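Colleague: Below you will find the structure I want to go over with you.
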Amino acid sequence: MKRIAILGSTGSIGSSTLKVIRRHPDRFKAVALAANSNIDELLLQVKEFSPESVCVIDEKAAARFALRIKNKGIKLYPGKQGLKELISCTGIDRMVLAITGSSALEPLLTAIERKIDVALANKEALVMAGSIIMGKARRHNVRILPIDSEQSAIWQCLAKEDKRALKRIYLTASGGPFRKTSRSLFKKIELKQVLKHPRWNMGRKITVDSATLMNKGFELLEAMALFDLSSDKVSILIHPEAICHSMVEFNDGVVMAQLSATDMRIPIQYALTFPDRLESGFSGIDFCALKSLNFEKPDFKKFPCLGLSLKAARMLGTMPAVLNAANEIAVNEFLAGNLRFFLIPDIVRTVMNRHKNIINPSLAQILAADAWAKQQTAAVIGKL
Ligand SMILES: NC(=O)c1ccc[n+]([C@@H]2O[C@H](COP(=O)([O-])OP(=O)(O)OC[C@H]3O[C@@H](n4cnc5c(N)ncnc54)[C@H](OP(=O)(O)O)[C@@H]3O)[C@@H](O)[C@H]2O)c1
């Protein structure tokens, strides 16, 4: 029985992970759950899965939650420090990291220090500090098992291959809700259009990132860190059907692809069962019903976040952390109704242009760049 912790259990990935655990109660036990403030959902999860430990990051919500789980024999760890203690004290075999945004960096580093294998959904931590995280994981002999469907696809294609034979990887992208929208109409785009993703049902932040294609830019940086690649070895391809989750090309001209249904439970389950495969309840692809799979080049003019990510990927240093931080604040402001959709890339570009990149940064320098960029972004938006 594998003892699983889910950080971000109340979110889209977190609840899909619990569905996987529900399907295989003989293989997995959810021993720890963590959320930010959604204590109603967390309480439902506690009632069904009876974890040993829970964490509520928001301290006020944690105090309310304490009253609701009184005398239930569950250990409550409140706040950020509590999350660290939960990771250290619960006895976890595999940790699913499904917290959104830069807040995932600290718990990821804690899990690695505690020698816990991480099934990683969060991408922002790798964007910020990819080489530091992967270096630390190697030193502590910890496995980072990707949940993100594209990274999971590449991981599966590379599993038994000699990496020296790898020529390039193709990251596929559905193209988001505005693939066919004319650039001239971007100024009119409203929040409810952005939140309607054509293929995936996800949390709000990643749904916005998928509409700007920043999400694909983040995946470029994520893939570079996970598979130790330079930016020129990664190509992005629009693939509207979202059936082929990514591909790997080898030096003999062979291309390997991973295809499956468009549902995150498949890569989540694989990150939990690896190196085994279990039945998932999903059947394979009905190729005759599908008829065709389409691929096209991404439009860098319509989606400037792609170019900004590529720039950060070529520069590395502290620039990817600045890209991530500026985007995080801009997206939050857009979700709060304080910023127009089309301005997100302009804001990110302005902050990146102001940044003096530091090559081979320490973790402290990355965290300082993150804080600086968040403050700069808030100031730029404040002046609009
Ligand atoms: N959704 C997908 O299909 C998908 C696919 C690939 C990768 N990812 C990545 O996985 C991560 C999670 O995505 P999601 O779609 O599941 O997001 P989501 O639905 O917004 O869920 C986020 C989870 O993180 C918690 N959380 C938010 N802020 C937090 C903080 N400061 N500290 C601790 N916990 C916090 C939330 O708690 P509350 O509910 O209490 O707010 C919630 O449980 C993101 O990095 C995303 O890029 C997602």
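Colleague: Is it possible to state the helix-based mean residue ellipticity at 222 nm for the chain, with each DSSP H run of 4+ residues giving -39500 (n - 2.57), the sum divided by total residues, to the nearest 500 deg cm²/dmol? What is it?
Modeller: So the calculated ellipticity at 222 nm is -14000 deg cm²/dmol.
Colleague: I'd like the Karplus ³J(HN,Hα) series for region 245-256: coefficients 6.51, -1.76, 1.60, θ = phi - 60°, whole numbers in Hz, and an x wherever there's a Gly or Pro.
Modeller: With coefficients 6.51, -1.76 and 1.60, one gets 8, 2, 9, 10, 10, 9, 6, 8, x, 7, 10, 10 Hz.
Colleague: Please give the FRET efficiency for Ala66 paired with Asp252, using the beta carbon to beta carbon distance and R0 = 45 Å, rounded to the nearest 0.05.
Modeller: Given R0 = 45 Å and the Cβ-Cβ separation, E is 0.15.
Colleague: Of the cross-linked pairs Lys123/Lys374; Lys311/Lys374; Lys123/Lys311; Lys123/Lys216; Lys29/Lys136; Lys80/Lys115, which ones have a Cα-Cα span greater than 21 Å in the structure shown?
Modeller: Lys29/Lys136
Colleague: Sticking with this structure for a sec: Can you give the local net charge around Ala104? Use residues other than it whose beta-carbon is closer than 14 angstrom to its beta-carbon, Lys and Arg +1, Asp and Glu -1.
Modeller: Net charge around Ala104: -2.
Colleague: OK, next. How would you order 321-334, 199-212 from highest to lowest mean count of nearby Cβ atoms within 10 Å? Write down the numbers at each step before the final one.
Modeller: Working: 321-334: 26.5, 199-212: 20.8.
Descending packing order for the listed peptides: 321-334, 199-212.
Colleague: Set Lys and Arg Cβ to +1 and Asp and Glu Cβ to -1, take the dipole of the chain about its Cα centre, and tell me which of Ala326, Gln258, Ile133 lies farthest positive.
Modeller: Ala326
Colleague: Here is a follow-up. In whole Å, how far is the Cα centre of region 235-267 from that of region 311-384?
Modeller: What the calculation gives is 30 Å, centre to centre.
Read the figures in this text as sums done on the coordinates, not as results from a lab. Predicted model, so just to flag it, every value in this text is computed and none were measured. Positions of Cβ are generated from backbone atoms using ideal geometry, with glycine treated the same way; all protein chains shown enter the neighbour counts.
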